[in-house]
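Here the structure is laid out as structure tokens; the discussion comes afterwards.
The values are calculated or read from the model by the stated rules, or taken from the named source; none is laboratory data. None of these values were measured; they are calculated from a predicted model. Methodologically, a virtual Cβ is constructed for each residue, glycine included, from the backbone with ideal geometry; neighbour enumeration extends over all protein chains shown. Just the protein is used for accessible areas: all its heavy atoms, side chains included, with ligands, DNA and RNA removed. Shrake-Rupley method; radii C 1.70, N 1.55, O 1.52, S 1.80 Å.
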Amino acid sequence: MNQQQYESVICRFIHGVPGALYDIGVGPKTEWRTLSRKYSAMHVFGCEPHPVQHEKLLDADFPGPLARVAIGENEGAATLHVPTHDLKCCSLLPVPYANATCQVEVWTLDRFDVNMGEQERILLWLDIEGSELSALRSGRRLLASGRVRWINLEERRGGHCPATDWCDPKALDAFLTKQGYVRVADYNRHSTHQDAIYVHKDE
């Protein structure tokens with residue numbers, strides 16, 4: 001499949017139209033564009049902490065508010081580790097393939113939700129290089145509300161974790177199961193990582 005086909009896989013598990021896409025760590029990929037074309041009535045909200053990539057997204061006409069922040073449990077200033085050759089692999093964790101750093105602001109997912117107007121029927125998309133569980137834990141109020149109906153996130157395979165504190169797929173699954181989400185699929189499998197889809201149990 002090409003990139004747009006991968007970005008559309010989650011649509012197989014969506015009935016009706018999402019009210020909003022929360023694209024956390026937008027990066028250089030195009031799920032926001034692919035899903036906007038599929039669901040023209042869906043509102044799009046995003047965050048991208050890296051200043052260069054943030055500017056590129058604005059130039060590409062990102063179709064909604066785009067906060068220049070990272071998402072995690074510890075609000076305030078943080079170091080973003082950046083491979084200068086590949087902006088899609090920026091991480092709050094000290095990954096070995098990063099050869100530069102910059103300071104960024106961190107919000108919790110709950111704060112992001114409030115700033116974006118507490119949307120309904122949310123599709124949450126997370127690809128943030130190992131901080132997925134931290135981001136989800138920072139949104140306990142949002143997840144408890146039931147307004148997030150679908151989650152697409154990246155997870156590691158076979159214990160391949162580039163940095164200490166990189167979230168474990170079993171821990172992700174245990175947390176989301178407790179919050180009322182069901183893992184329905186994985187796809188886009190690589191030797192070290194893949195995407196996983198969770199759907200709210202009431203959906």
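Numerical summary
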{"item": "Criterion: farther than 19 Å from Ile24 by Cα and at pLDDT 95 or above - qualifying residue of Ala135, Ala196, Ala185, Ala144", "result": "Ala185"}
{"item": "Any hit, the stretch 79-94, residues being surrounded by fewer than 19 Cβ atoms within 10 Å (Cβ to Cβ), touching a His at 6+ places or on another chain (Cβ under 8 Å) and of a type outside the set (D, E, K, R)", "result": "yes"}
{"item": "Number of positions in the stretch 106-131 that are of a type in the set (D, E, K, R) and exposed (fewer than 15 other Cβ atoms within 10 Å of the Cβ)", "result": "2"}
{"item": "Verdict on Lys56 being closer than 26 Å to Ser40 by Cβ and in contact with a helix residue (DSSP H, G or I) (Cβ under 9 Å, 6 or more places away or on another chain)", "result": "yes"}
{"item": "Selected residue (criterion: farthest from Ile10 (Cα to Cα)) from residues of the stretch 164-196 that are assigned to a loop (DSSP other than H, G, I, E, B) and touching a strand residue (DSSP E or B) at 6+ places or on another chain (Cβ under 7 Å)", "result": "Trp166"}
{"item": "Neighbours by Cβ (under 7 Å, 6+ apart or cross-chain): first from the stretch 58-70, at pLDDT 95 or above; second in a loop (DSSP other than H, G, I, E, B) and of a type in the set (A, V, I, L, M)", "result": "Pro65/Met116; Ala70/Leu92"}
{"item": "Every residue from the stretch 28-57 that is of a type in the set (Gly, Ala, Ser) and either in a helix (DSSP H, G or I) or open to solvent by 10 Å² or more (accessible area, probe 1.4 Å) (or both)", "result": "Ser36, Ser40, Ala41"}
{"item": "Single unsatisfied condition, Ile71 versus (1) open to solvent by 70 Å² or more (accessible area, probe 1.4 Å); (2) among the β-branched types (Val, Ile, Thr); (3) under 16 Å from the mean Cα position of the chain (by Cα)", "result": "(1)"}
